[in-house]
Amino acid sequence: MSDPLRPRASLRTAVVWDVLKDALERRVKAAGRDALDVLDTGGGSGNFAVPVARLGHRVTVVDPSPNALFALERRAAEAGVADRIRGVQGDAHGLFQVVERGGYDAVLCHGVLEYVDDPAEGLRNAVGALRPAGTLSLLAAGLGGAVLARALAGHFTEARRALTDPAGRWGEGDPVPRRFTAEQLTDLVTASGLQVGAVHGVRIFADLVPGVLVDTEPGAMDALLKLETAAAEQPAFHSVATQLHVLAERD
């Protein structure tokens, strides 16, 4: 089966998928079971839930949008994994109104902390859904990537504002309510009681390289993906990544 996150349109998620897939394989071996129970908070239409289900795992997706959950249902059916995916309407703050506390081998918290009122509480709830020795996959917007992108676009005042704003926003028109540094994310994870296993920079180059280069140069997409993968674990590049990914485990 080909990897569902390798196509050109999903280049930006490939690094996270590779890390997540390896982490799930390790959990399978540690748990001694073929299938894991996975929770995807804010999982939307199933960008990660469907590929995870295709690996044979049972996935519960919690999302506040009924439209996203409808798209998830359709997507799961088209992928032949409808029997392994359950979508429920809810959010991170009211998580245990719709899912079981301590009931999951792995929890995905992707693109959630930027939007919740209290990131620490939202993360604590995600962690509370984990079984002992469970794995957390956390993905959030990075501050440095936004500053760099605004500066390269010639919006220097906005870049400086993002750099100095407590929430990392570049202005009133900024669609992202909050951004994080790698240190802020790892501090949140540690405070929630988990041990940080790895930190990855995501979309370090992908958002900066002109699309025409990737589309027209032979082998460019594969080379860019290899570059993203090689740089992802290098701390020097975390400060300029558009997103930051933290993999953590409960002791």
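Scanning residues 5 or more positions from residue 60 or on other chains, those with amide H under 5 Å from its amide H are 38, 39, 40, 86, with H placed 1.01 Å from N in the peptide plane.
Sorting 40, 118 on solvent-accessible area from highest to lowest, probe radius 1.4 Å, gives 118, 40. Expressed as an acute angle from 0 to 90° and rounded to the nearest 10, what is the orientation of the C-alpha long axis of helix 143-152 relative to the principal long axis of the chain? Taking Cα atoms only, the helix is inclined about 40 degrees.
Please report, largest first and rounded to whole Å, the three semi-axes of the ellipsoid equivalent to the range 10-59, where each semi-axis is the square root of five times an eigenvalue of the C-alpha gyration tensor.
Working: eigenvalues 71, 35, 13 Å².
Each semi-axis is √(5λ); the values are 19, 13, 8 Å.
Would you mind getting the accessible area per residue of the range 15-165, heavy atoms of the protein chains only, 1.4 Å probe, in Å²? Intermediate values should be presented prior to the final figure.
Working: 6620 Å² over 151 residues.
Value for the range 15-165: 44 Å² per residue.
Dipole magnitude for the chain: about 280 debye, using +1 per Lys or Arg Cβ and -1 per Asp or Glu Cβ, origin at the Cα centre. Among 72, 55, 143, the largest mean-square fluctuation in a Gaussian network model of the chain (Cα springs under 10 Å) belongs to 55. Largest to smallest in accessible area, the residues 205, 48 fall in the order 205, 48 (1.4 Å probe, all protein chains included). Applying Stokes-Einstein at 20 °C and 1.002 mPa s to the Kirkwood radius of the chain, computed over alpha-carbon pairs, gives a translational diffusion coefficient of 115 µm² s⁻¹.
Taking 0.36 nm per residue of separation and subtracting the current Cα-Cα distance, fully stretching the chain between residue 30 and residue 165 would add 44.4 nm. Short-range pairs are left out: with C-alpha atoms under 8 Å and at least six residues apart, the relative contact order of the chain is 18 percent.
Solvent-accessible area of the range 1-121 (1.4 angstrom probe, protein heavy atoms only): carbon and sulfur portion equals 47 percent.
Just need the relative contact order of the range 179-251 here, percent rounded to a whole number, with Cα pairs under 8 Å and 6+ apart.
Values: 93 pairs, mean separation 37.5, N = 73.
Relative contact order for the range 179-251 comes out at 51 percent.
What percent do you get for the relative contact order of the range 116-196 when only Cα pairs under 8 Å and 6+ apart count? Could the numbers behind the result be given before it?
Details: 71 pairs, mean separation 22.2, N = 81.
RCO, the range 116-196: 27 percent.
Is the range 1-124 best put as rounded, prolate or oblate by its Cα gyration tensor, with a ≥ b ≥ c the root eigenvalues, rounded for a/c under 1.5, and otherwise prolate when a/b is larger than b/c, oblate when not? Judged from the Cα gyration tensor, the range 1-124 comes out rounded (a/c under 1.5). Using the average count of surrounding beta-carbon atoms within 10 Å as a protection proxy, the listed peptides 186-196, 168-178, 106-116 rank, highest first, as 106-116, 186-196, 168-178. Share of carbon and sulfur in the accessible area of the range 138-229 stands at 59%, probe radius 1.4 Å. Distant-in-sequence amide contacts of residue 134, defined by a placed amide H-H separation under 5 Å and a gap of 5 or more residues or a different chain, comprise 250. Mind checking the log10 I(q)/I(0) for the range 78-164 at q = 0.12, 0.18 Å⁻¹? Debye, one equal scatterer per Cα, no solvent, two decimals. Those come out to -0.53, -0.84, one per q.
The values are calculated or read from the model by the stated rules, or taken from the named source; none is laboratory data. Computed from a predicted model, the values in this text were never measured in an experiment. Note: ideal-geometry Cβ built from the backbone for every residue, glycine included; neighbour counts use all protein chains shown. These accessible areas exclude ligands, DNA and RNA; they are computed on the full protein's heavy atoms, side chains included. Shrake-Rupley method; radii C 1.70, N 1.55, O 1.52, S 1.80 Å.
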